[in-house]
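Asker: This is the structure, below, for whatever I ask next.
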Amino acid sequence: MTVHLYAFATLITIGVQAAEEPAGWEVDFIDNFDTFNHEHWQDQLLWVNDEDQCYVREGQFGTREVSDGTLKLRVVDIGEPRVCFNWDKRGIQHPPTQYVAGRIASKNRKEFTRGRWTARLRVRNSGQPGMFPAWWLLGAFNNEPPIEELNEKVCWPVTGSGEIDVFEHHSDGGPDHFAARAIKSLGYCGGGDWQSDMLVLAADLNEYHEYAVEWSGDDLLFRLDGEEVYRLSGEGAKIPEPMFAILNFAKINASPMSVKQWEMEVDWLRHERRVDSAPQ
């Protein structure tokens, strides 16, 4: 997930309504978050984007909770700095911080090629300075921790470590909006163009919405509550690798929090595959 400024993007408001599930799709993975399933997810600890918070394991300080059929990922102000066991790609340790957060990934648990990914989620009281919640995909051969397979040696964002941001809310743009994008690889480690293939859309983030991306032939197609809202022609063909899902809530700058915690609530997340002869 990459840092960006929304000043260069177009904010579009789209009226949406839930669409019926089209024929030809089959759910091959779903998590309804009745429990936290370690066969689906693992905590991911790393320092990226110069984020201000520290990711912690096992829901420490209430940063990850599954209750009442939903997953809650939070940024929590614990009141005083603590040692952070997150490191960046250069091996530098995150400085002590009073902010802790949750980040989970389906890496080496649930990874899929193409198809369609969807999550139903909400973020209350959006637009507060520093907010950076996201639901996104990363190529399965990515070389960031945890490293568990010999083929996990591809640097971001070249093929094998591609990135698709299905839902990303950056507080710089104010409340009630999100970005959808694919990162355009420039062909070398760290060379990612996050702006060219980004679209910012308006939505009431206090309410649940379904945020999806699917491969349609060579295109990437983004949906909001079942309705197509953005299409990237030819970009799907550039991301042929299996991908895993990431859900996280980051704090992107040093602004103080006006409340003790922020929360992204996820009702469910699923992957579907095509089961007929329709074009992919």
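The numbers here are math on the coordinates, done by the rules we state, and not lab data. Note that the coordinates shown come from a computational prediction; the quantities given were computed from them, not determined experimentally. Positions of Cβ are generated from backbone atoms using ideal geometry, with glycine treated the same way; all protein chains shown enter the neighbour counts.
Asker: Output wanted: per-residue J couplings in Hz (rounded whole) for the range 49-60, from phi through Karplus 6.51 cos²θ - 1.76 cosθ + 1.60, θ = phi - 60°, x for Gly and Pro.
Answerer: Those phi angles translate into 6, 6, 5, 8, 8, 10, 6, 10, 8, 6, x, 3 Hz.
Asker: Turning to a different aspect of this structure: S126's amide H: which non-local residues (gap 5+, or another chain) put their own amide H closer than 5 Å, with H modeled 1.01 Å from N in plane and none for Pro or chain starts?
Answerer: So S126 has HN proximity to D176.
Asker: Mind counting lysine pairs for me in the chain? Cα separation below 16 Å, and the two need to be 8 or more apart along the chain or on different chains.
Answerer: Numbers: K72/K251; K72/K260; K89/K153; K107/K153; K184/K238; K251/K260.
Counting lysine pairs in the chain gives 6.
Asker: Looking at the chain, which Cys residues are left with no other cysteine's beta carbon under 4.7 Å from theirs?
Answerer: none
Asker: Please list, in order along the range 133-139, the HN-Hα scalar couplings obtained from phi with the Karplus expression 6.51 cos²θ - 1.76 cosθ + 1.60 (θ = phi - 60°), rounded to whole Hz, x for Gly and Pro.
Answerer: Whole-Hz 3J(HN,Hα) from phi for the range 133-139: x, 7, 10, 7, 10, 9, x.
Asker: Additional query: Can you tell me the dipole magnitude for the range 146-229 around its Cα centre, using point charges on the Cβ only (Lys, Arg +1; Asp, Glu -1), in Debye to the nearest 20? Spell out each step's value before the answer.
Answerer: Values: 4 positive and 19 negative charges, 85 e Å.
That gives the range 146-229 a dipole magnitude of about 400 debye.
Asker: Now for a different question. Answer rounded, prolate or oblate for the range 173-232, using the Cα gyration tensor with square roots of eigenvalues a ≥ b ≥ c: rounded when a/c is under 1.5, else prolate when a/b is larger than b/c, else oblate. Show your work: numbers first, answer last.
Answerer: Numbers: a/c = 2.93, a/b = 1.44, b/c = 2.04.
Cα axes put the range 173-232 in the oblate bin.
Asker: Right, another one. Starting from the amide H of C84, placed 1.01 Å from N in the peptide plane, find each other amide H under 5 Å away whose residue is 5 or more places distant or on another chain.
Answerer: Under 5 Å from the amide H of C84: T97.
Asker: Can you give the relative contact order of the chain as a percent, counting alpha carbon pairs under 8 Å and 6+ residues apart? Please list the in-between numbers first.
Answerer: Working: 751 pairs, mean separation 82.1, N = 280.
Rounded, it is 29 percent for the chain.
Asker: Still on this model: Quick check of the Kirkwood formula: for the chain, what is the inverse mean of 1/r over all pairs of different Cα atoms, in Å? All intermediate terms of the calculation are to be shown ahead of the outcome.
Answerer: Numbers: mean 1/r = 0.0531 Å⁻¹.
Roughly 18.8 Å, rounded to one decimal.
Asker: Treating only the Cβ of Lys, Arg, Asp and Glu as charged (+1, +1, -1, -1), what charge dipole size does the chain show about its Cα centre? Round to the nearest 20 debye. Walk me through the numbers on the way to the answer.
Answerer: Numbers: 27 positive and 45 negative charges, 137 e Å.
Charge dipole of the chain: 660 debye, to the nearest 20.
Asker: Continuing with the same structure: Counting Lys and Arg as +1 and Asp and Glu as -1, what is the net charge of the other residues whose Cβ lies under 15 Å from the Cβ of D219?
Answerer: Values: positive: R114, R116, R181, K184, R223, R231, K238, R274; negative: D197, E214, D218, E228, E235.
Once all neighbours under 15 Å are counted, the net charge is +3.
Asker: Under the Karplus relation 6.51 cos²θ - 1.76 cosθ + 1.60, θ = phi - 60°, what is the ordered set of whole-Hz ³J(HN,Hα) values for the range 81-95, x standing for Gly and Pro?
Answerer: Rounded to whole hertz, the list is x, 9, 4, 10, 9, 10, 10, 8, 5, 8, x, 8, 7, 4, x.
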